[in-house]
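First comes the structure, then the notes that go with it.
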Amino acid sequence: MSYRFGIFGSFGGKSGIKLVETILAQVQSKEIEAEIPFVFSSRAIDEEGNAARLRELVTPETDLIIHSARRSRPWLFKQDRARWRELYHREVMSLISGYTFDSIVLIGYMFFVSDELCQRYNLLNLHPAPPGGPKGSWQEVIWQLIAENASQAGVQIHLATSEWDAGPTLSYCTTPIDQGEFKPLWEDMYQKLRKHSLAEIKQAEYMTNPLACKIREAEAKLELPLLLETLRSLANGTFKIDGLGKSARIIAFGEERTTGYPLTDLIAGAAEKEEKRIIGSVKELIITKPPANEEAGEGLFLFTDNYSIFDWGTMPDQLPEKGKVLALMSAYNFELLERAGITTHYRGLVTEEGIVSYNQAHNLLSQRQAKMAIKVVSKPPLVWTGTEYDYHRYLYAAGRNYLIPLEIVYRFSVPVGASLRMRYDPRDLGLNYSRWPNENVVLPQPKVELFTKLEGRDRFVDRAEALRISGLDESSLAQMEEITLAAGRLLALQAEAQGLTIADGKLEFASCNGRLIVCDLLGTPDENRFHFNGFPVSKELLRQYYIQHDPLWVKEVKQTKNTWGNRPNWQQHSLRMPAPLPSSLRELYAEIYCAVANRYLGRQWFSTRSLERLLAAVKEEESR
């Protein structure tokens, strides 16, 4: 009988969902020879968070079990937390009592488990410290490491017991934190300690201190490889757990291990391999040939059906086929630019036949995931010093082939909701209005604006700051703006020929030995505000939905941005999570993406209703 384990999680954030997705994929592909009889969520599908994504991830072989902790005796939760924990987990044990399994993996489970649960089952917990290291939350662990002037950090997987972070350790790995990129961050910390106590620095920079963030980044890279390797070892029998809880014996390769089995050498290689896979909000980048100082590298975009709005990152839902829409429209547009003499990082779409052009990608829709081959440039970390981003360090590390840390936005008109309305009076742009009207306004001349690309959120910058942070001279920046307008006009002409209009859009650039090339994606409903018969048919639909139907989350996003500015990871300070889309609207928005692609490309790639019928259906659905 194969090894069987369940999964417990609260799934408030995105990281837990990604871990479950990866584990399920490895079990399905037999990389981990195991079975997952159930995934348990302490958060209901309709509650804030990402639990709704679980419905799309689980397979017929895995049951999804949900028992809302928030709705279970909330009065007792406030009065007697220990008693609430005991009763809640007794109910959970009843829900899983009919399943046969060897252990439970805790993934972002936000509650202390009851003593009874620990004594009945082996619960595998990921803790961000090696054996004998600090206890507590990952934030407290990191600040203890800084206080101890530690030379290494690490992660371990141990059995959860009634004593916090003290159960038997199965496996662990470590990583140095006093070398390479860590050195200047330690030096910055020592400089601060000359003026302030560590307690004062911790209070002021608890979640934003550059050294603390870098240590967390190093630990996080180890967590997934360690978890997967440990599950793989349990599944193939090289690791065994003899007994339950605190009294359990850990057997690795036939020998009892009182302090766990070290997997540092194996995990270091996996983590290094993982670094070549960069996960973004809506797509992933796999670097197949790293860039050199004098030459661009090569890589692949892997498109997902995720979407992101308001700089939040990945939202709770997916829009089916959206990834293929972005791949097809971007490929078409890259080839459109190349024919006009504009250099891009595009190499082709990837199908079973290899790297092919847009017109040759006949079987792309039959693939599970769309892929695009691209040229890759350097993108070193943009370090937050505690007060600002260190662009000097970024440009120094970047070399001659690097991602320019700017977004160039071009505007042909100004729809309701465009941020330009907050920066300009209509008369400043040659418009005969005393105030902005509640409708899309066509500009007499296209407008180009500059924004940051790599900060915690996209920030408008003036020309002087754009020059400072980009490493470009005035002529290169002017050339980039000219290319942006030329590309925007090409896309607008293509859209108009198919009955669509483009209000605005954005381009990103890389510098390859001083030569500008267009990169990332372009001309899709994510990068551009498309309109059809005056109505938005792009990501703007999703923005407007949340503004109207989840105003408390939108307000919280604005307040959090105002409080934390453009610092990295500002999202984790938000007290609210976005609600999932209603399933009916999710399907409609996804179909609109597909219908826009059909119309723009002049080809029926997807089976959809007309845009007229879809917009009418959206209006009817949103009015309910």
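The values are calculated or read from the model by the stated rules, or taken from the named source; none is laboratory data. Values in this document were obtained by computation on a predicted structure and should not be read as measured data. Cβ: placed from backbone, ideal geometry, glycine included. Neighbour counts: every protein chain shown. Heads up: the accessible areas ignore ligands, DNA and RNA and are worked out on the full protein's heavy atoms, side chains in. Shrake-Rupley method; radii C 1.70, N 1.55, O 1.52, S 1.80 Å.
Restricted to region 396-412, and to residues there that are surrounded by fewer than 18 Cβ atoms within 10 Å (Cβ to Cβ) and not in a loop (DSSP other than H, G, I, E, B), the residue that is nearest to the chain's Cα centre (by Cα) is Ala397.
If only one of Ala52, Ala25, Ala44 is among the hydrophobic types (A, V, I, L, M, F, W, C) and surrounded by 20 or more Cβ atoms within 10 Å (Cβ to Cβ), which one is it?
Numbers: Ala25 fails: surrounded by 20 or more Cβ atoms within 10 Å (Cβ to Cβ); Ala44 fails: surrounded by 20 or more Cβ atoms within 10 Å (Cβ to Cβ).
None of the others qualify; the one that does is Ala52.
The conditions of being more than 22 Å from the chain's Cα centre (by Cα), at negative phi, of a type in the set (Lys, Arg) and surrounded by fewer than 17 Cβ atoms within 10 Å (Cβ to Cβ) are not met by Arg543.
Scanning region 537-576 for residues that are touching a strand residue (DSSP E or B) at 6+ places or on another chain (Cβ under 7 Å) and closer than 16 Å to Cys594 by Cα yields Val537, Ser538.
Among residues of region 47-67 that are at pLDDT 90 or above, those with a beta-carbon under 9 Å from a residue that is charged (D, E, K, R) and loosely packed, with under 14 Cβ neighbours inside 10 Å at least six positions away or on a different chain give the pairs Leu64/Arg55; His67/Glu91.
Here Ser583 clears all of (1) farther than 26 Å from Leu382 by Cβ; (2) surrounded by fewer than 16 Cβ atoms within 10 Å (Cβ to Cβ); (3) touching a residue at least 60 places away in the same chain (Cβ under 8 Å) except the condition numbered (3).
Here Trp75 passes the criteria (1) surrounded by fewer than 21 Cβ atoms within 10 Å (Cβ to Cβ); (2) in a loop (DSSP other than H, G, I, E, B) except the one numbered (2). Filtering region 514-531 for residues that are more than 21 Å from Pro446 (Cβ to Cβ), at pLDDT 95 or above and not small (Gly, Ala, Ser) leaves a non-empty set. If the condition is being more than 31 Å from the chain's Cα centre (by Cα) and hydroxyl-bearing (Ser, Thr, Tyr), then region 147-201 contributes Thr161, Ser162, Tyr190, Ser197.
With respect to Val596, determine if the residue is farther than 16 Å from Leu500 by Cα and assigned to a helix (DSSP H, G or I).
Values: farther than 16 Å from Leu500 by Cα: no; assigned to a helix (DSSP H, G or I): yes.
Taking the combined requirement at face value, the residue does not satisfy it.
Scoring Phe11 on the criteria (1) surrounded by fewer than 23 Cβ atoms within 10 Å (Cβ to Cβ); (2) in contact with a Lys or Arg (Cβ under 7 Å, 6 or more places away or on another chain) leaves a single failure, condition (1). Checked against (1) modelled with pLDDT of 95 or more; (2) among the hydroxyl-bearing types (Ser, Thr, Tyr); (3) under 26 Å from Tyr545 (Cβ atoms); (4) open to solvent by 30 Å² or more (accessible area, probe 1.4 Å), Ser419 meets all criteria but (1).
Checked against the criterion of being without any contact (Cβ under 8 Å) to a residue 40 or more places away in the chain and farther than 25 Å from Ile215 by Cβ, the candidates Ser162, Ser94 yield just one match: Ser94.
Rundown of residues vs (1) in contact (Cβ under 8 Å) with a residue 40 or more places away in the chain; (2) surrounded by fewer than 17 Cβ atoms within 10 Å (Cβ to Cβ); (3) among the β-branched types (Val, Ile, Thr), yes/no style:
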residue	(1), (2), (3)
Glu187	no, yes, no
Gln191	no, yes, no
Leu198	yes, yes, no
Lys221	yes, no, no
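Inside region 286-314, residues that are open to solvent by less than 30 Å² (accessible area, probe 1.4 Å) and more than 24 Å from Ala397 (Cβ to Cβ) make up a count of 10.
Would you point out the residue of region 14-34, among those that are without any contact (Cβ under 8 Å) to a residue 40 or more places away in the chain and touching a Ser or Thr at 6+ places or on another chain (Cβ under 8 Å), that is nearest to Leu126 (Cα to Cα)?
Filtering region 14-34 down to residues without any contact (Cβ under 8 Å) to a residue 40 or more places away in the chain leaves 21, 24-25, 27-30.
When the remaining residues are screened for being touching a Ser or Thr at 6+ places or on another chain (Cβ under 8 Å), the result is 24, 28.
Values: Leu24: 18, Gln28: 22 Å.
Filtering region 14-34 for residues that are without any contact (Cβ under 8 Å) to a residue 40 or more places away in the chain and touching a Ser or Thr at 6+ places or on another chain (Cβ under 8 Å), the one nearest to Leu126 (Cα to Cα) comes out as Leu24.
So in region 550-578, with the set limited to residues that are among the aliphatic types (A, V, I, L, M) and assigned to a helix (DSSP H, G or I), which one is most open to solvent (accessible area, probe 1.4 Å)?
So the first thing to find is which residues in region 550-578 are among the aliphatic types (A, V, I, L, M), and the list is 552, 554, 557, 575, 577.
If we keep only those that are assigned to a helix (DSSP H, G or I) as well, we get 552, 554, 557.
On the way: Leu552: 100, Val554: 12, Val557: 5 Å².
Per the stated criteria, the residue is Leu552.
Looking across Ser413, Ser378, one residue alone is among the polar types (S, T, N, Q) and under 25 Å from Leu485 (Cβ atoms). It is Ser413.
Mind checking which residues of region 230-259 are in a helix (DSSP H, G or I), touching a residue at least 12 places away in the same chain (Cβ under 8 Å) and open to solvent by 40 Å² or more (accessible area, probe 1.4 Å)?
Taking region 230-259 as the starting set, the residues that turn out to be in a helix (DSSP H, G or I) are 230-236, 245-247.
Going one step further and asking which of them are touching a residue at least 12 places away in the same chain (Cβ under 8 Å), we end up with 230-236, 245-246.
Once the filter is applied, which keeps residues that are in a helix (DSSP H, G or I), touching a residue at least 12 places away in the same chain (Cβ under 8 Å) and open to solvent by 40 Å² or more (accessible area, probe 1.4 Å), region 230-259 yields Arg232, Asn236, Lys246.
Of everything listed in (1) closer than 21 Å to Leu491 by Cβ; (2) surrounded by fewer than 18 Cβ atoms within 10 Å (Cβ to Cβ); (3) in contact with a strand residue (DSSP E or B) (Cβ under 8 Å, 6 or more places away or on another chain), the single unmet condition for Lys283 is (2).
Hey, among the residues in region 539-556 that are touching a helix residue (DSSP H, G or I) at 6+ places or on another chain (Cβ under 8 Å) and not polar (S, T, N, Q), which one's nearest to Arg529 (Cα to Cα)?
Here is the first cut: in region 539-556, the ones touching a helix residue (DSSP H, G or I) at 6+ places or on another chain (Cβ under 8 Å) are 541-542, 545-549, 553-554.
After this cut, where a residue has to be not polar (S, T, N, Q) as well, the list is 541-542, 545-547, 549, 553-554.
Details: Leu541: 10, Leu542: 12, Tyr545: 15, Tyr546: 17, Ile547: 17, His549: 21, Trp553: 23, Val554: 20 Å.
Checked region 539-556; the qualifying residue nearest to Arg529 (Cα to Cα) is Leu541.
Of Ile250, Ile201, all but one fail to be among the hydrophobic types (A, V, I, L, M, F, W, C) and within 30 Å of Gly386 (Cβ to Cβ); the exception is Ile201. Cβ-Cβ distances below 9 Å connect the following pairs, each with a first residue in region 332-352 that is farther than 20 Å from Val377 by Cα, a second residue that is part of a strand (DSSP E or B) and open to solvent by 30 Å² or more (accessible area, probe 1.4 Å), and a separation of six or more residues or different chains: Thr351/Lys371.
Residue-wise test of (1) surrounded by fewer than 16 Cβ atoms within 10 Å (Cβ to Cβ); (2) in contact with a Gly (Cβ under 8 Å, 6 or more places away or on another chain); (3) farther than 16 Å from Leu403 by Cα.
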| site | (1), (2), (3) |
| --- | --- |
| Ser434 | yes, no, yes |
| Pro444 | yes, yes, yes |
| Glu455 | no, no, no |
| Ala464 | yes, no, yes |
| Arg489 | yes, no, yes |
| Cys512 | no, no, no |
| Val518 | no, no, no |
| Leu522 | no, yes, no |
